[in-house]
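First the structure, in the form of structure tokens, and then the observations on it.
The values are calculated or read from the model by the stated rules, or taken from the named source; none is laboratory data. Everything quoted here is computed from the prediction, not taken from an experiment. Please note: Cβ atoms are built from the backbone with ideal geometry, for glycine as well, and neighbour counts cover all protein chains shown.
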């Protein structure tokens with residue numbers, strides 16, 4: 001299992017080492033540059049001081065100056081890295097123990113020379129025409145000092161790294177504590193308790209997570225409520241046709257009249273058809289719930305789909321002496337292609353058409369109009385001249401199992417619920433209006449996805 005705490009710890013430690021490395025590297029080179037400047041300044045100052053002392057103590061009568069070698073011991077470890085020479089009229093009369101008996105350099109100013117397999121930095125000074133002063137030191141001393149600075153920095157890093165790791169581990173754990181609190185609150189939820197998670201005390205970084213969880217909980221609560229309502233409504237609605245079938249069957253068994261038995265059996269067949277239609281509608285509506293598994297958009301011929309659905313319902317329309325009329329763009333042209341879900345479009349048109357045929361007045365007509373706008377939006381209008389729906393009931397007909405009171409026809413009350421669900425899945429709009437002089441007009445607007 002991947003741990004955020006461990007990931008943060010290792011990443012922060014790696015970042016800490018990287019930053020320390022950059023700082024140490026830059027500090028080392030900056031220190032090395034400053035050491036060069038300081039040591040060069042010391043060489044210059046030392047040479048000038050020696051020169052002034054020598055000139056100030058020169059015998060004004062021209063007394064000869066005896067050659068002197070300061071070959072005493074060198075008690076300090078850095079002393080062997082420092083040398084000086086004093087030349088009088090091209091004669092070496094004074095030098096340090098680490099200095100050679102040959103000239104360290106020629107001329108005045110700074111020069112780098114090789115001596116005893118080492119690199120030396122030498123500064124030459126000529127205080128007057130008789131004296132020359134040379135002060136030098138090995139570059140090894142400077143490098144050792146720079147290395148000491150780098151080692152000291154590294155030691156600080158090694159000492160602070162474990163301390164920092166402990167502090168980061170504790171800080172990250174404390175910072176992730178709100179996540180554990182949210183996890184505990186989510187674990188406390190169950191299908192019967194889907195209340196939103198309180199986020200007024202959660203950090204701003206976790207609020208998107210709690211917001212998404214609350215939205216999911218609201219969707220689950222709505223889905224469970226719909227499921228409970230659907231189950232209750234379905235069990236209630238199925239009792240009616242099943243009870244009717246049972247009664248008609250019992251009457252047929254008890255009756256000795258053949259005509260009466262035939263009538264009862266016909267009623268049984270009608271009840272079975274109604275129950276089958278109700279179950280089919282319920283299954284269709286239930287299948288529309290998991291939205292993410294339904295949408296499968298592809299290029300399809302909208303006019304061909306509409307004509308195919310109409311041809312499948314011509315027999316049902318002819319039994320009621322109804323004429324199905326397809327008008328609009330599909331009447332003018334044989335095809336127009338749309339990027340949409342063909343299965344959903346077929347289900348949508350089928351339910352609209354079945355509803356219109358069922359409620360239309362006999363010996364009249366049902367009109368299906370399909371038009372495509374300039375922005376590829378499709379408008380579907382299905383009109384019938386049936387009983388229509390009262391103004392205060394026109395919105396409620398999209399509720400499941402709802403049938404307006406006072407209608408002479410009976411139905412499942414699921415047709416417009418299915419249509420509305422499909423329109424929502426396709427990001428469209430649905431509007432029900434009165435069809436003049438009577439009947440109902442269903443207007444669907446769908447985008448070309």
Of these, 80, 174, which one is assigned to a helix (DSSP H, G or I) and modelled with pLDDT under 75? 80
Give the stretch 149-178 a look and list any residue that's touching a residue at least 40 places away in the same chain (Cβ under 8 Å) and within 30 Å of residue 212 (Cα to Cα), or say none. 168, 169, 172, 173, 176
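For (1) in contact with a strand residue (DSSP E or B) (Cβ under 7 Å, 6 or more places away or on another chain); (2) modelled with pLDDT of 85 or more, each residue gets a yes or a no:
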residue	(1), (2)
316	no, no
328	yes, no
337	yes, no
343	no, no
353	yes, yes
361	no, no
369	yes, yes
372	yes, no
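Could you tell me whether any residue of the stretch 182-190 is under 30 Å from residue 22 (Cβ atoms) and either not in a loop (DSSP other than H, G, I, E, B) or not assigned by TED's automatic domain parsing to the domain that holds residue 35 (or both)? Working first, answer last.
Step one: of the stretch 182-190, the residues under 30 Å from residue 22 (Cβ atoms) are none.
Within the stretch 182-190, not a single residue is under 30 Å from residue 22 (Cβ atoms) and either not in a loop (DSSP other than H, G, I, E, B) or not assigned by TED's automatic domain parsing to the domain that holds residue 35 (or both).
Based on what the data block shows, is residue 289 more than 18 Å from residue 383 (Cβ to Cβ), modelled with pLDDT under 80 and surrounded by fewer than 18 Cβ atoms within 10 Å (Cβ to Cβ)? Even if it seems obvious, please write down each step before you answer.
Numbers: more than 18 Å from residue 383 (Cβ to Cβ): yes; modelled with pLDDT under 80: yes; surrounded by fewer than 18 Cβ atoms within 10 Å (Cβ to Cβ): yes.
When the stated conditions are applied, residue 289 passes them.
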Here are the criteria: (1) surrounded by fewer than 18 Cβ atoms within 10 Å (Cβ to Cβ); (2) at pLDDT 80 or above. Tell me which single one residue 384 does not satisfy. (1)
Select, from 195, 221, the only residue that is in contact (Cβ under 8 Å) with a residue 12 or more places away in the chain, in contact with a helix residue (DSSP H, G or I) (Cβ under 8 Å, 6 or more places away or on another chain) and farther than 30 Å from residue 19 by Cβ. 195
With the requirement that a residue be crowded, with 19+ Cβ neighbours inside 10 Å and at pLDDT 80 or above, what does the stretch 86-99 give you? 86, 87
Testing residue 86 on (1) touching a helix residue (DSSP H, G or I) at 6+ places or on another chain (Cβ under 7 Å); (2) closer than 30 Å to residue 30 by Cα; (3) touching a residue at least 40 places away in the same chain (Cβ under 8 Å), one condition comes back false. Which one is that? (2)
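Pick from the stretch 107-126 the residues that are assigned to a loop (DSSP other than H, G, I, E, B) and modelled with pLDDT under 80: which of them is surrounded by the fewest Cβ atoms within 10 Å (Cβ to Cβ)? Walk me through how you get there before you give the answer.
Within the stretch 107-126, the first condition is being assigned to a loop (DSSP other than H, G, I, E, B), and the residues that meet it are 107-108, 116-117, 126.
Now narrow it down to the ones that are modelled with pLDDT under 80: 107, 116-117.
On the way: 107: 9, 116: 8, 117: 5.
My answer is 117.
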